[in-house]
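K.L.:
Please read through the structure below; I'll follow up with questions.
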Amino acid sequence: MHLIKIKTGGPNGRKRIYFCGIRIYKSKKKKSPVIAPESVQVSQQPQKTVTTQEAPTPPKATIKDFGQNNQINIANPDNANLRISVWGDNNIVEIKSKAGRFNTRIEIGSPNSRCNGAKVIVEDKVTINGLYMLLMENNSSIHIGQDCTISNDVLIWCTDTHYITDMDGNLINVGTSVEIGNHCWIGYGVRILKNTRIPNNCIVGMASVVTKKFDTENAVYAGNPAKLVKSNVQWGRMRPQEYMDKNSK
C-alpha cells in the first residue's frame, strides 16, 4: 500500500491527498465563473399588439312595423331619439325634418287594437324636444307644418282611446285629424287633442289643452281649454335678451 495517494476529479474537480488511507488534504470547491454584465443576454419582452377598435355604429331611429304595406320614410334615419311603432296596415309616416333635436315617439294602433290607413306627416325644419303622438282610428291623421318648434312633454292624441256615445248608442268621439300650421311654437306640457287645428305663425302657451279648431293666424292660444288670448304677434327662436341686444346696436 502506498503511504501517500493523490486523487483528483469528481463532480467538482477537487484534489484529495491520502496518507496511509487517511485523507489529509482536500482542495476547495471551485466557484462558478462570473459572467460579465455586458455578456448577459437580456430577453426582450414581446411587443404588445395594440388593436384599434372600430368606432361603434351610431344608434339609429327605432322602427317597429307590425303590419303590411306601411310606408315609413325618414329624412334623418340616424336620429336615435325617433321611435316609431305601427300596428296595422297601409299606414304612412313621413318625417321630412333633418333637425338634430327630434325627440319623438309615434304610435299608430296598438297590439290589441290595430289601426289602418292612418297618416303622420312632419314637414321640414321642425325641432322637437319631447313629443308623443298617438293615433288609434282608421284613416286619422296628424300634420305638422314647416319650421315649427315643439317643447318638452308635449302630447298629440288624435284619439280618445275609449269610445263615447250618445244615449242612443251613436259614437260621438271618433278621432279624425290634428293640424298644426307652419312656424308654430308649442310650449312646454301642451296637450293637443283630436280634431283640432292650430293656424300658421301661432303660439300655444305652456300647459295649455287644445280642444278645438282655431282660425286666427299670428296669435297666442292658452288655457285649459285653450282660447285666443292675443293676436297680431310674431315669434322667433332667439331669447328675449338676445333680441334686445341685437336691436340695441
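K.L.:
State, to one decimal in nm, how far the label point of His162 lies from the label point of Asn200, with both points 7 Å from Cα in the Cβ direction.
P.N.:
4.1 nm
K.L.:
Taking 0.36 nm per residue of separation and subtracting the Cα-Cα distance, what length does fully extending Val233 through Arg101 add? Don't skip to the end; give the middle numbers.
P.N.:
On the way: separation 132, 0.36 × 132 = 47.52 nm, distance 2.54 nm.
The span from Val233 to Arg101 would gain 45.0 nm if fully extended.
K.L.:
Using a 10 Å cut-off around each Cβ, can you sort His162, His143 from fewest to most neighbouring Cβ atoms? Before the final figure, lay out each step's value.
P.N.:
On the way: His162 7, His143 16.
Arranged by neighbour count, lowest to highest, His162, His143 become His162, His143.
K.L.:
What nm distance separates the two modelled labels at Ser113 and Asn224, each placed 7 Å from Cα along Cα→Cβ?
P.N.:
2.2 nm
K.L.:
Further, regarding this structure: Quickly work out the Leu155-to-Ala207 label distance, labels modelled 7 Å from Cα along the C-beta direction, and quote it in nm with one decimal.
P.N.:
1.5 nm
K.L.:
If one computes the Cα centroid of region 67-112 and of region 133-167, what distance in Å separates the two points?
P.N.:
Spelled out, the Cα-based centre of one part sits 14 Å from the other.
K.L.:
Using 0.36 nm per residue, how much length does the chain from Asn173 to Glu94 gain when fully extended, once their Cα-Cα distance is taken away? Can you show the working numbers first?
P.N.:
On the way: separation 79, 0.36 × 79 = 28.44 nm, distance 2.61 nm.
Separation in residues times 0.36 nm, less the Cα-Cα distance, equals 25.8 nm.
K.L.:
Right, next: Once amide H atoms are built 1.01 Å from N in the peptide plane, which residues 5 or more positions from Arg197, or in another chain, come under 5 Å H to H?
P.N.:
When sequence neighbours closer than 5 places are left aside, the close amide H contacts are Glu179, Lys212, Lys213, Phe214.
We did not get these values from a lab; they are worked out from the coordinates using the rules stated. Predicted model only: the values in this text are computed from it and were never measured. Quick reminder, even Gly has a Cβ in these numbers, built from the backbone with ideal geometry, and neighbours come from all protein chains shown.
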